[in-house]
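Asker: Below is a structure I'd like to ask you about.
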Amino acid sequence: MNILGISAYYHDSAAALIVDGEIVAAAQEERFTRKRHDPAFPAQAVQYCLEQGFAPDYVAFYDKPLLKFERLLETYLAFAPRGLRSFTMAMPVWIREKLFQKDLLAGELKGIVKPENILFAEHHLSHAASAFYPSGFDRAGVLTMDGVGEWATTSVAVGDGASLRIEREIHFPHSLGLLYSAFTYYTGFRVNSGEYKLMGLAPYGEPRFAQRILDNLIDLKQDGSFRLDMRYFDYATGLTMTNRAFDGLFDGRPPRKPEEPITQTHMDLASSIQAVLDEAVLRLGKNVAKQGHRKLCLAGGVALNCVANGKLQRAGIFDDIWIQPASGDAGGALGAALCAYHRHLGGVKRGTTMKGAYLGPSFTQQDIEARLLQIGARFTVQADPLAACVDALQAGKAVGWFQGRMEFGPRALGARSILGDPRNVNMQSDLNLKVKFRESFRPFAPSVLAEDAAEWFDGCTGSGSPFMLMTFPVASGKRLEAVDAGLFGIDKLKMPRSEIPAVTHVDWSARVQTVDGVWNPRYRELLERFKAQTGCPVLVNTSFNVRGEPIVCTPEDAFRCFMSSDIELLCIGDCILPKEDQDPAPALKPEFVPD
């Protein structure tokens, strides 16, 4: 039984293919179109899945449009006459397209599947399925947290064998995801993409507004259930996330404009909302554990908050936690397919795995060479390309690393990565300003050999963090005494904090990827050889892209990114491309799109 899963029409559209319950392929549309967070029908991602050679028997869509329309109508009626402007803006799109989404999908899928074989899964069920079925757990609680699906914003499901059922839900407009996005908007970042920035900004501040948030914005109960006071928010009826009442809670400050400086107050706001989210996730997790679950699966956009995930893991209330690496809407495509297979078609649960999240396109060595020659790249094919990479890393160079199948989800996991030496005190600022062209405060993640993780990062034991979705404190034995006297906010970056300063945040935390080599043996070998020469089993690992662009997909994408940044060495397959050997190629430089 072959099932194609699709998510589309909101943000981060994607396609995934499962064959007899096994995951064969998955990719986001943005990687092909080069439009970040592309919401369009994932035509190229679908084509990639079809190229695997399995004609789909069914197509599964990741939510139910009619239930979303019901929510839109009921929300307007509940708040009327407020929200008339947003309602009238939304109606033409719904009437023209979304109410007839099955017909729209049937048109896009003509010749691929019969209309009667297009199935629909509820949004949170798709998320839950994407986490439980690939987890390897026989039984687990499944916690899904996001902005909103049809109605649900937070749900708890129980997975047992092939069975998966949602037991409890919290409904719109009460949402942890939208609460966090409200602060994303208020601090001047873009909703649905800037949440990572808010999380990265939080350690520079103090949570001095946390109690104010709990007293006024969210009524958080001991079991993790909550309600928001909608007098302070505009997202249910307006065109912005917050309103003047929200501003008034924080001394009348209006939302920061993207071009305005980030102040200590913005850092404190980020720290405060992160503290509130951490507490909410911890209480929800404890409540799931009280129901008798020793294992937990996480999905939904909030599950990409690695700080909250790390604190939940270190609380020790579960024997194991598994997080879907594509926890956002892209992962809904995979979940819809898995949900259709197990729940609608009665499929038998198998040992489904994510294959390390390496589910995207790959390229043969012959194909790589042909593509590079066609675009005028200058390269040598080396019998031992890793030696050149290790030498470059030790010399303080940024290395573009393009190997094997592309990752599914927002994290680079050693297939489409930019790498650096974490011991280099300048690497963090150099990568941010000269390579990624992004804000200087953004932290970088370490990849570490799985067997060395506990020595370098406190609490990073057990199954580790293979998908870079948990933060851990840098081990006390690896820390340096940091004296921050006279340093505030982002200036704290000037003080090295550990033996691996390039991946140590100002609170000594790090977003860790543990590497065991099962699904990516070449990346593991690179780490092993770097350790053999330096004694350090850690590399800086950041996504292979520049600000405003998706992660690279093809060798051509990688070369364009290489030529438009200060990456100094590029390794694609067995091809080594030093920057100094290249001819300037302005035609290959991508247009810069601010994020």
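Derivation of every value follows stated rules applied to the coordinates shown; laboratory data play no part. Source: prediction; values computed, not measured. Heads up, the Cβs are rebuilt from the backbone with ideal geometry, glycines too, and the neighbour counts pull from every protein chain shown.
Asker: If neighbour count is taken as other Cβ atoms inside 10 Å, put F69, F457 in order from fewest to most.
Answerer: F69, F457
Asker: Amide H to amide H under 5 Å from S509: which residues, 5+ apart in sequence or cross-chain, H placed 1.01 Å off N in plane?
Answerer: Under 5 Å from the amide H of S509 lie the amide H atoms of V474, each far enough along the sequence or on another chain.
Asker: Extent of the chain along each principal axis, from alpha carbon coordinates, in Å, largest to smallest?
Answerer: 64, 63, 49
Asker: Quick one: in segment 195-241, what % of C-alpha pairs are over 12 Å apart?
Answerer: Cα-Cα pairs in segment 195-241 separated by more than 12 Å: 72 percent.
Asker: Now for a separate question. Using helices alone, what [θ] at 222 nm do you get for the chain, with -39,500 (n - 2.57) per DSSP H run of 4 or more residues, divided over all residues and rounded to the nearest 500?
Answerer: Result for the chain: -9500 deg cm²/dmol, rounded to the nearest 500.
Asker: Two decimals is fine: what is log10 I(q)/I(0) at q = 0.10, 0.16, 0.17 Å⁻¹ for segment 365-588, from a Debye sum with one equal scatterer on every Cα and no solvent?
Answerer: Values, matching the q order: -0.42, -1.07, -1.20.
Asker: Choose one of L298, A202, F250: the residue whose Cα lies farthest towards the positive end of the charge dipole of segment 176-322 (beta-carbon charges +1 Lys, Arg; -1 Asp, Glu; about the Cα centre).
Answerer: Comparing the listed Cα positions along the dipole, L298 ranks first.
Asker: What order do you get for 156-163, 243-250 when each peptide is scored by the mean count of other beta carbon atoms within 10 Å, highest first?
Answerer: 156-163, 243-250
Asker: Determine how many Å³ per residue the convex hull of the Cα atoms of segment 315-357 encloses.
Answerer: Looking at segment 315-357, the number lands at 115 Å³ per residue.
Asker: Cross-link partners among lysines for K397, C-alpha distance below 18 Å, same-chain residues fewer than 8 apart left out?
Answerer: K434, K436, K531, K579
Asker: Next question. Neighbour counts of other C-beta atoms within 10 Å: give me V538, V506, V59 arranged from fewest to most.
Answerer: So the ranking, lowest neighbour count to highest, is V506, V59, V538.
Asker: Still on this structure, I have one more. Among F120, F408, rank each residue by its count of other Cβ atoms within 10 Å, from fewest to most, as a rough exposure measure.
Answerer: Ordered from fewest to most neighbouring Cβ atoms within 10 Å, F120, F408 come out as F120, F408.
Asker: With +1 assigned to the C-beta of every Lys and Arg and -1 to the C-beta of every Asp and Glu, and no other charges, what is the dipole magnitude of the chain about the Cα centre in debye, to the nearest 20?
Answerer: Here the size comes out at about 880 debye.
Asker: Now, a different point. Let's see if you can work this out: charge +1 on each Lys and Arg Cβ, -1 on each Asp and Glu Cβ, no other charges. What is the dipole magnitude of segment 386-454 about its Cα centre, in debye to the nearest 20?
Answerer: 320
Asker: Can you compute the modelled spin-label distance between T380 and R522, with each label point 7 Å from Cα toward Cβ, in nm?
Answerer: 1.8
Asker: What are the aspartates and glutamates whose alpha-carbon lies under 16 Å from the alpha-carbon of K349, with same-chain residues fewer than 8 places away excluded?
Answerer: Straight-line reach from K349, under 16 Å: D20, E22, D138, D160.
Asker: Right, another one. What lysines does K290 reach when the alpha-carbon gap must be under 16 Å and sequence neighbours fewer than 8 apart in one chain are set aside?
Answerer: Correct list for K290: K221.
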